[in-house]
Amino acid sequence: MTSLFEHAADMPLAPLFAAAGLAAQLVSPLFRKREAMLSVQLGASCCYAATYALLAQQTATAICLTGAIQTSVALLAGDRPWLRKMGYVFLPAVLAIGALTYAGLPTILAVTACCLTMIGRLQSETLAMRRVQLGATPFNATHDILIGAWPCVAGALVTFGIAVSALHREQRDVRAGAKAP
C-alpha cells in the first residue's frame, strides 16, 4: 500500500490538485443553496479526479469523473424533475467502473461512497441532499485510510463536522419557519 506522500515526490502536481479539491470539499457544506453546493462539489470532483489520475488510482479517477458528469447533469436539471432523474443513469456506470477496475475493499468503499453522494445530489431539497451525502462519509474515509490518503481522511472528517453543523442549522431554520404564523 503506497501513500499519497510517497507518490507526491514523483508527481508534484498531485498535492496541488488535492489541496484545491480539499478546499472545495471543506467549503461546500457552508453554502445554503443546492446549486452553490453542487457547483463547489463539481470543482472538488474534478480536482480529486486529477489527483487520483496523477497517482495512478484508476478506480478513484473514473469514479470522480463520473461524479463530475453527474453533478453537471444535476446542475443543468434545475427544477426539472424529469432531467434530474437522468442522474440515476450514472449509478450503474459507477458499479460497472468498480467491476472493471476492482481492487478489493477500496473499490467497494469508493463505489459505495460515490453512489450515496450521487443519490444525494439527485435530491431536490438541500436538507435531503445533506442527509444522504453524510452517509457517504464513513465509506469515503475508510477508502482513504486504506489507500493512505491521510489528508483526504482529515478533509472527510472536517467536512463531515461542517456538514452536520449545517444540517442542524437548516433543521432549526425549518422548525422555526414551521412555527412562524
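The values are calculated or read from the model by the stated rules, or taken from the named source; none is laboratory data. None of the values given here were measured: they were computed from a predicted structure. Reconstructed Cβ throughout: ideal geometry from the backbone, glycine too, with neighbour counts over all protein chains shown. For the accessible areas, the whole protein counts, side chains as well, though only heavy atoms, and no ligand, DNA or RNA atoms are used. Shrake-Rupley method; radii C 1.70, N 1.55, O 1.52, S 1.80 Å.
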- [ ] Evaluate the chain: find the radius of gyration of its Cα atoms, find its Kirkwood radius, and give the ratio Rg to Rh.
- [x] 0.99
Task: Positive-pole candidate from L54, A68, H143, dipole of the chain, charges at beta carbon - done: A68
Task: Carbon + sulfur, % of accessible area of region 1-126 - ligands and nucleic acids excluded, 1.4 Å - done: 72
Open item on the list: At 1.4 Å probe size, what's the solvent-accessible area of H168? Round to the nearest 10 Å².
Closed with: 100
Task: Dipole in debye (nearest 20) - the chain, about Cα centre, beta carbon charges: Lys, Arg +1; Asp, Glu -1 - done: 860
Task: Integer Hz, Karplus 6.51/-1.76/1.60 couplings in order for region 83-93, x for Gly and Pro - done: 7, 4, 5, 4, x, 5, 4, 6, 4, x, 5
Task: Chain lengthening between A103 and R172 when straightened (0.36 nm per residue, less Cα-Cα) - done: 20.6 nm
Open item on the list: If each DSSP helix of 4+ residues adds -39,500 (n - 2.57) and the sum is divided by the residues in the chain, what number results at 222 nm, nearest 500 deg cm²/dmol?
Closed with: -26000 deg cm²/dmol
TODO: Could you work out how far helix 58-77 tilts from the main Cα principal axis of the chain, as a 0 to 90 degree angle to the nearest 10?
DONE: 20
Task: Helix axis angle, 150-179 relative to the chain longest principal axis, alpha carbon, degrees - done: 10
